[in-house]
Amino acid sequence: MTGLPIVYHPDYVAPLPPQHRFPMPKFGLLKDLLVSDGVVAVDQIFQPGPPPQSWIEQVHTPDYVQAYCTGTLDEKAQRRIGLPWSPNLVKRTCTAVGGTILTAKLALSHGLACNTAGGTHHAFPAYGSGFCIFNDLAIAARILLSQTRVQRLLVFDLDVHQGDGTAWIFRDDPRVFTFSMHCEVNFPRQKQISDLDIPLAEGLEDDEYLSKVRAYLPDLLSQVNPDLVLYDAGADVHRGDRLGKLALTNSGLYERDRFVLETCVAGGYPVACVIGGGYDKNMSDLVYRHSLLHRAAAEIYQQHRL
């Protein structure tokens, strides 16, 4: 393999009721687009499996994990998640967590790797929220720490919504620095306290958004000096996003991802990417937005001959 490592599994797609607003098909379509456009070759795609339940329980309470996996979670808790339970969704959820763990390990060995899912940052230890069931970023961080593969991590979260679950999980853990730059007036209504939060005004456009990313990332890398960066590259900052409230263009998204990846890789910081949120009725537009991360990553990977 000579190109960027990409992580994908067919189980990333689970059936949902028609007209459900969570765009489940995007994960498979994203992989297909990356292959058909020649961004990645088939031999660059790594297939994860679900992690042991004990790994998920490094972050989530055993009662919650058991209740979700067996379909006995109460109705109120299900509503808070916003996705109807099914055995296929359990498989999808666990496989996506395994995908982020694999992406992180590939990033440590290759310098850069991208998942085609992940970024479920609204999940708390004892409950899920906002389409997030288990917090893949937090679980990956805890596993790498427990396996002593890393000693210090930076979660660099640029999803349009605050990474509230991740912030709360690591609130007392100095080994994980949580950064969240998000729309101030967007979900979740009750924000948590990250190590550094940058709330943004509604309607922010490319130039001002990019200037903030450029202002914070280099100093953060110097300050934290992480063994790995976990990058949540949410595409829901786009002006066409149904749930976003910011106003980035495709060019702005691409420039954001390219700057983040170039800055990390050039500084010698391995970076593992997840796609985060993205919501649009036009599935092809949405899938293309998500693909900008992988396009930027593939270019950076080749440029630095990782």
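Details
- Residue count for the stretch 47-75, restricted to those that are in contact (Cβ under 8 Å) with a residue 40 or more places away in the chain, surrounded by fewer than 14 Cβ atoms within 10 Å (Cβ to Cβ) and more than 20 Å from I101 (Cα to Cα): 1
- Residue satisfying condition, being in contact (Cβ under 8 Å) with a residue 60 or more places away in the chain and in contact with a Cys (Cβ under 9 Å, 6 or more places away or on another chain), within set L217, L153, L204, L158: L217
- Cβ-Cβ distances below 9 Å connect the following pairs, each with a first residue in the stretch 100-112 that is touching a residue at least 24 places away in the same chain (Cβ under 8 Å) and closer than 11 Å to R149 by Cβ, a second residue that is small (G, A, S) and outside any helix (DSSP H, G or I), and a separation of six or more residues or different chains: A104/A113; A104/A272; K105/A113; K105/A272; A107/A113; A107/A272; L108/A272.
- Residue check: L253 meets all listed conditions (1) of a type outside the set (V, I, T); (2) farther than 25 Å from Q302 by Cβ; (3) surrounded by 21 or more Cβ atoms within 10 Å (Cβ to Cβ) but one, namely (2).
- The stretch 239-250 - residue that is out of contact with any Gly (no Cβ under 8 Å at 6 or more places or on another chain) and among the charged types (D, E, K, R) and, of those, surrounded by the fewest Cβ atoms within 10 Å (Cβ to Cβ): R242
- Filtering the stretch 1-19 to residues that are farther than 25 Å from I139 by Cβ and either in a helix (DSSP H, G or I) or touching a residue at least 40 places away in the same chain (Cβ under 8 Å) (or both) leaves M1, G3, P17.
- Of all the criteria given as (1) touching a Cys at 6+ places or on another chain (Cβ under 9 Å); (2) surrounded by fewer than 16 Cβ atoms within 10 Å (Cβ to Cβ); (3) of a type in the set (A, V, I, L, M, F, W, C), the one not satisfied by I193 is (1).
- The stretch 256-291: number of residues that are among the hydrophobic types (A, V, I, L, M, F, W, C), surrounded by fewer than 24 Cβ atoms within 10 Å (Cβ to Cβ) and within 24 Å of R152 (Cα to Cα): 3
- Considering L144, L158, L220, the condition of being surrounded by 13 or more Cβ atoms within 10 Å (Cβ to Cβ), under 17 Å from the mean Cα position of the chain (by Cα) and farther than 30 Å from R242 by Cα is satisfied by L144 alone.
- Selection status of R79, modelled with pLDDT under 95, surrounded by fewer than 20 Cβ atoms within 10 Å (Cβ to Cβ) and farther than 25 Å from R256 by Cβ: yes
The values are calculated or read from the model by the stated rules, or taken from the named source; none is laboratory data. Keep in mind that this is a model prediction, so the values were computed, not measured. Please note: Cβ atoms are built from the backbone with ideal geometry, for glycine as well, and neighbour counts cover all protein chains shown.
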